[in-house]
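Everything on this sheet refers to the single structure shown next.
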Amino acid sequence: MLNLPASILEYCQTLIFEQYSPAYLLTDKDGCLIDAGGSLTAYGVTNLQQGKPIAEQIFFLEGLLPLEGANLLLPCVKIEDKFCADIHLFSKAEGDWILLFNSNTEKSQQPIQQFVNNLSLSRYRQFKSLTQLFEYLFAEIERSLNLLEGNAMSESTLGELLATLNILVLERSNDGLFTAVRVEPNWFQHFFPDLKEAYVQPQKRFLFLENFIVDAEQIWQNKDSKLLKSGLWTETDAAENEWQFEASAVNVGDRHLLLIELLEVTYQEKQSLIQTARENKLSYENLVKEVQKKEILLHCILHDLSGQLTAINCCLALLSNENLSPRGKERLAIGERQVIKQGNLIREILDAFSADIETFQTEAFDPDTAPDIVQSAREVVDALLPTFMMNRVRLQLNFDLTQMDWQVVAEKSRLERIFANLIENALRYSPADSTVTVDLKTDENYIVATVEDQGSGVPPAIVGNLFKKFFQGQNNPGKAGLGLYFCRITIERWGGSIGYLPSPQGGAQFWLRLPKLSASRWAALS
Amino acid sequence: MIQKKICMVGAFATGKTSLVARFVRSIYSDVYQTTVGVKINKKLVNLDNQEVSLILWDLHGEDELQKVRMSYLRGASGYFLVVDGTRRSTFETALALQAKVEETIGAVPFILVLNKLDLQADWELEEGAIAQVIQQGWTVIESSAKTGLGVEEAFLTLTQKMVEG
Ligand SMILES: Nc1nc2c(ncn2[C@@H]2O[C@H](COP(=O)(O)OP(=O)(O)OP(=O)(O)O)[C@@H](O)[C@H]2O)c(=O)[nH]1
Ligand SMILES: [Mg+2]
């Protein structure tokens, strides 16, 4: 044994007893209890009976005994959420020994493992959102390009083509005469000046048709479902102009139709052009909407991505204060590198799309779901409190408790996003131990919210650009530059306004003003 | 009374702890509390009028740097391989773990659990890969610890398999 003075041995013994509450069990080769002792109650073990199988008495030993071969070490075994033990099992001539020690590993390791796992999950989710974003954007862009190309042509050709769809539709009655089914095309007058005549014998004027109608009769009599085409022929009008025609015979239900078409562009071409033109016109309208939606989506996703990144950064910063093992440090360094990369990536996306369309359309405001601004502000404040605490900045929400009328013209999730934006900005510029104050005031028609920090305020030179798109503050090149822009356009869409005022105390103060639901024209509707 | 040890095995954050919590205590939380080491819980089930006491070992999850400790599996009569349907890599982890577990404790009954069924819209598992393991004779059960769907079924099916031996 160790050559230690008796006092030290005694001290060690006390230490082990106090810290590790050791307990032991001895079982025979059939797994039945021979002997037991130590702090068994510390592991919830009582009422042991010698000679009985141990697994029947201590459930967490099920399956472990008798030991076959190698010794077993089971660290950090948490039993029914009550006790946490390191369990050692080893074999000796007298039987199998089971040693139980109180384990402290869980308490110390859990938070670190939690950070690491959360980090991995966040990164994976980010990766996923980015991939989805890219797939979506690329598909969208490709589609937009196709549509724009198509539309350049179709907008001008659609009207023209409709005007030149010069088809005369005649129906053959049982007496062998024809009647015009639809409005006659322009050319009809040239050849059949007497439109009043109800029954027409086109073959009298278009001699070519005499032959064709004989063949056509077969189609009509047999109720054939196929289309018989005459092929091209040419007619000369009174002014000696040549016109090209083609006729077709077809059955539609019980009706026998003769189509006479003036050919300028061949029918198929026309058909497909009209088809595309119509489709394009429809999708052109959607396109405008979707480009706008895309922009919101882009902004929202990026906003969320940067938000998460900030959270991850916080975690990493906290982690670096922990007493990390070399392996832990290695992981931390990987994490930090990834965060930087991710930040760069987000910036690149922004650069790539900053030239996109400027405005987007209003989505209808729904008065039935108009949010309570106090509640929205409170939800955001609650969600941000932990981050604030981590940064040692206080966050408080003030409003007049006696007021009841806080519903505003807005949409809940966007309103919350706006608050989150403003409050997160305030945090970014807040020194430690300062306070960010969210204040809500109401007057007759409007509610004014302010978010005030005790930082150094916005330099006057850039105040004018704060709410412009892709504007980035001087000290935070990593940020999207869309946050305040998003706030402005969104709030303006609700009929409100947003602005910046230096706070009298020197910090920054952002304000926003939204119409109260009760005072708005929507109130009448709901 | 019959007593059986069951291990929950899988990548981290797949829902091992949540499945046990749902089965043993009928509770669920969206808050993620990672497991360090192993948590043991007990649950009595009734199978064809026979009481079986299940000793559930909820192991810590596996990630790139921390492997599941095989010593925890000693004496297990069956195990669950838990996969998070929304993360394809957890399926690969499950396959690798299965091989390791079988090497350590031999061929005992197990079930592949595809968890987070409530998030099926976000699932990224390949049907082909799953069809393949089913073809190999694996039992696959889809579950959601959140809604409880498939949880009872998974535990009872495994118990049945263990009791039949
Ligand atoms: N939506 C959904 N979430 C789930 C489900 N099961 C678990 N989760 C969530 O997934 C996260 C991880 O769940 P846990 O049960 O702690 O996972 P675990 O496998 O025990 O994780 P480790 O102990 O770290 O290996 C938690 O946030 C759970 O709330 C589910 O069926 N559906
Ligand atoms: Mg767990």
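The values are calculated or read from the model by the stated rules, or taken from the named source; none is laboratory data. Just so we're clear, the structure is a prediction, and the values are computed from it rather than from any experiment. Cβ: placed from backbone, ideal geometry, glycine included. Neighbour counts: every protein chain shown. Each accessible area value is taken on the protein alone, full model and side chains, heavy atoms only, with ligands, DNA and RNA left out. Shrake-Rupley method; radii C 1.70, N 1.55, O 1.52, S 1.80 Å.
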Q) For segment B:94-107, what are the residues that are open to solvent by 30 Å² or more (accessible area, probe 1.4 Å) and within 26 Å of B:Gln160 (Cβ to Cβ)? A) B:Leu95, B:Ala99, B:Lys100, B:Glu102, B:Glu103, B:Thr104, B:Ile105, B:Ala107
Q) Restricting attention to segment B:109-117, does a residue exist that is under 15 Å from B:Thr14 (Cα atoms), surrounded by fewer than 23 Cβ atoms within 10 Å (Cβ to Cβ) and out of contact with any helix residue (DSSP H, G or I) (no Cβ under 9 Å at 6 or more places or on another chain)? A) yes
Q: Within segment B:23-50, work out how many residues are at pLDDT below 90, away from ligand 1 (no atom under 12 Å from the Cβ) and exposed (fewer than 11 other Cβ atoms within 10 Å of the Cβ).
A: 2
Q | Scope segment B:81-114; condition free of Cβ contacts under 8 Å to residues at least 40 places away in the same chain, within 11 Å of chain A (Cβ to nearest Cβ) and of a type in the set (Val, Ile, Thr); matching residues | A | B:Thr86, B:Ile105
**Q.** Test result for A:Phe115, open to solvent by less than 60 Å² (accessible area, probe 1.4 Å) and either at pLDDT 90 or above or within 24 Å of A:Gly44 (Cα to Cα) (or both)
**A.** no
Q. Looking at segment B:1-48, which of the residues that are among the charged types (D, E, K, R) and away from ligand 2 (no atom under 16 Å from the Cβ) is farthest from A:Ala55 (Cα to Cα)?
A. B:Asp48
Q: Can you work out which of the residues in segment A:483-500 that are under 12 Å from A:Pro515 (Cβ atoms) and assigned to a helix (DSSP H, G or I) is most open to solvent (accessible area, probe 1.4 Å)?
A: A:Glu492
(Q) Which residue is farthest from B:Gly85 (Cα to Cα), if the candidates are limited to segment B:1-22 and must be near ligand 1 (Cβ under 9 Å from one of its atoms) and in contact with a helix residue (DSSP H, G or I) (Cβ under 8 Å, 6 or more places away or on another chain)? (A) B:Arg22
Q | Every pair of residues 6+ apart whose Cβ atoms lie under 8 Å, when the first sits in segment B:13-32 and is over 19 Å from B:Glu153 (Cβ atoms) while the second is of a type in the set (Val, Ile, Thr) and more than 7 Å from ligand 1 (Cβ to nearest atom) | A | none
Q: Mind listing just one residue for me: the one in segment A:318-335 that is of a type in the set (D, E, K, R) and in a helix (DSSP H, G or I) and, of those, least open to solvent (accessible area, probe 1.4 Å)?
A: A:Arg331
Q: Working only within segment A:373-386, note down all residues that are closer than 22 Å to A:Asp443 by Cα and surrounded by fewer than 18 Cβ atoms within 10 Å (Cβ to Cβ).
A: A:Gln375, A:Arg378
Q: Kindly check whether there is at least one residue in segment A:10-20 that is open to solvent by 40 Å² or more (accessible area, probe 1.4 Å) and part of a loop (DSSP other than H, G, I, E, B).
A: no
**Q.** Qualifying positions in segment B:73-102 - of a type in the set (Asp, Glu) and within 21 Å of B:Lys4 (Cβ to Cβ)
**A.** B:Glu102
Q. Limited to segment B:53-75, what total is found for residues that are touching a residue at least 40 places away in the same chain (Cβ under 8 Å) and either open to solvent by 10 Å² or more (accessible area, probe 1.4 Å) or within 13 Å of ligand 1 (Cβ to nearest atom) (or both)?
A. 11
Q | Long-range neighbours under 6 Å by Cβ, at least six apart or interchain, first residue more than 7 Å from chain B (Cβ to nearest Cβ) within segment A:61-82, second aliphatic (A, V, I, L, M) | A | A:Leu61/A:Ile54; A:Leu61/A:Ala55; A:Leu65/A:Ile54; A:Leu67/A:Leu89
(Q) If a residue must be within 59 Å of the chain's Cα centre (by Cα) and in a helix (DSSP H, G or I), how many such residues does segment A:201-239 contain? (A) 2
Q.
touching a strand residue (DSSP E or B) at 6+ places or on another chain (Cβ under 8 Å), open to solvent by less than 40 Å² (accessible area, probe 1.4 Å) and more than 15 Å from ligand 2 (Cβ to nearest atom): is that true of B:Val82 in this structure?
A. no
